[in-house]
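What follows is a set of notes on a single structure, which appears directly below.
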Amino acid sequence: MTGNCLVRFSGVSYTYPGAAAPAIADIDLEIASGEWMAVLGCNGSGKSTLAKHLNALLVPAQGDCFVDELNTRSEDGKRSARRAVSMVFQNPENQIIAAVVEEDVAFGPENLGLPPEEIRERVRWALDVSGLGEMARKPVYALSGGQKQRLAVAGAIAQKPPCLVLDEATTMLDPRGRQDLMEVLSTLHSDGMTLVSITHRLEEILRCDRCIVLSKGRISWSGTPRELFLLGEELDRWGLEIPGMVKVWRELVKKGLLKAEIPPRMGEMVEALCR
Ligand SMILES: Nc1ncnc2c1ncn2[C@@H]1O[C@H](COP(=O)(O)OP(=O)(O)OP(=O)(O)O)[C@@H](O)[C@H]1O
Ligand SMILES: [Mg+2]
């Protein structure tokens, strides 16, 4: 279910100090409240730079970025963007604050000034859904890389922010961990949270409402995952590799054997192949 515009980019460009070319350029983009959007593109295409504008870690060099209708150039706008948008980055080390797992997850809800009972409930819930339920009292240094990434996700979702941005936050997770996270994200999405997934793994965009592809800092394509999967050589050009199961689905659709919407079900594909 999507609603009002939560984030609006109007002609946004950003050039890092000393860089010859802008990292993102002329970005016009709206993200509706409750929408699940994926941002795709090869290394260096500007995905993280775009993401950092969502919670005012970066402010546009040209153009404007509005979160909840407030311009992130203003102090009010920055505050509002930081409250509304939680980020999880690829490297969990930079995001962990406390020495003990449950204390780290409690940090965000405590900052929101929630009552202790509610904080305890959220910490328990976030640790459980992130697969860290058993590790609540462990010291953070004793976690593996993937467990630290789970902890970063738990810390972000415990705040139940209006918008959650995951910038390649699944890179260290094992397949089971990735699948579990997708389930959690689906639930949060059904509950109305706005999600922005930045990823190279196209199997992670199956449930998204919309995806955009960045190329050299510009939005070069925008559409549904289904439309994206039906594209041809553009995918190679953007460095995107579609999942094996989707490749089979695509061939079956091309041959008119299957009209199913993605995500395709294995059973339907087997049936179509048998026909
Ligand atoms: N702190 C920085 N200082 C200078 N240039 C930067 C900085 N961060 C990124 N860039 C440059 O900005 C461009 C976009 O980088 P960005 O990190 O946004 O890309 P990305 O799409 O997130 O890449 P990746 O898939 O590798 O994470 C690149 O050309 C990069 O070299
Ligand atoms: Mg990046």
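The values are calculated or read from the model by the stated rules, or taken from the named source; none is laboratory data. Since this is a predicted model, take the numbers as computed values, not measurements. Neighbour counts run over all protein chains shown; Cβ positions are idealised from the backbone, glycine included. When the accessible area is computed, the model is the full protein with side chains, heavy atoms only, and any ligands, DNA or RNA have been set aside. Shrake-Rupley method; radii C 1.70, N 1.55, O 1.52, S 1.80 Å.
To put it simply, the accessible area of the chain at a 1.4 Å probe is 50 percent carbon and sulfur.
When the chain is described by a simple charge dipole with +1 on each Lys and Arg Cβ and -1 on each Asp and Glu Cβ, the residue from 55, 214, 16 located farthest towards its positive end is 214. Return the whole-Å distance between the Cα centroid of the range 52-75 and the Cα centroid of the range 110-186. The distance from the Cα centre of the range 52-75 to that of the range 110-186 comes to 27 Å. Net charge dipole, the range 78-201: roughly 300 debye, given to the nearest 20, about the Cα centre with Cβ charges of +1 for Lys and Arg and -1 for Asp and Glu. With contacts taken as Cα pairs under 8 Å and at least 6 residues apart, the chain reaches a relative contact order of 22 percent.
Of the GluC sites (Glu not before Pro) found in the range 105-167, none is in coil by DSSP with at most 10 other Cβ atoms within 10 Å of its Cβ. Towards the positive end of the charge dipole of the chain, with charges on Cβ (+1 Lys, Arg; -1 Asp, Glu), say which of 266, 172, 130 has the farthest Cα. Farthest towards the positive end: 266.
Placing unit charges on each Cβ (+1 for Lys and Arg, -1 for Asp and Glu) gives the chain a dipole about its Cα centre, and among 186, 246, 198 the Cα reaching farthest toward its positive end belongs to 246. DSSP beta bridges fully contained in the chain are about 55 percent antiparallel. Solvent exposure of the chain amounts to 49 Å² per residue of accessible area, where only protein heavy atoms count and the probe is 1.4 Å. Placing unit charges on the Cβ atoms only, positive for Lys and Arg and negative for Asp and Glu, gives the chain a dipole magnitude near 460 debye about its Cα centre. Straightening the chain between residue 4 and residue 19 buys 1.8 nm, computed as 0.36 nm per residue apart minus the Cα-Cα spacing. A DSSP coil position with no more than 11 other Cβ atoms inside 10 Å describes the following trypsin sites (Lys or Arg not before Pro) in the range 125-198: 137.
Counting only Cβ charges, +1 for Lys and Arg and -1 for Asp and Glu, the dipole size of the range 20-103 around its Cα centre is about 220 debye.
Which percentage, to the nearest 5, of the DSSP beta bridges contained in the range 131-249 is antiparallel? Given both bridge residues lie in the range 131-249, the antiparallel proportion sits at roughly 50 percent.
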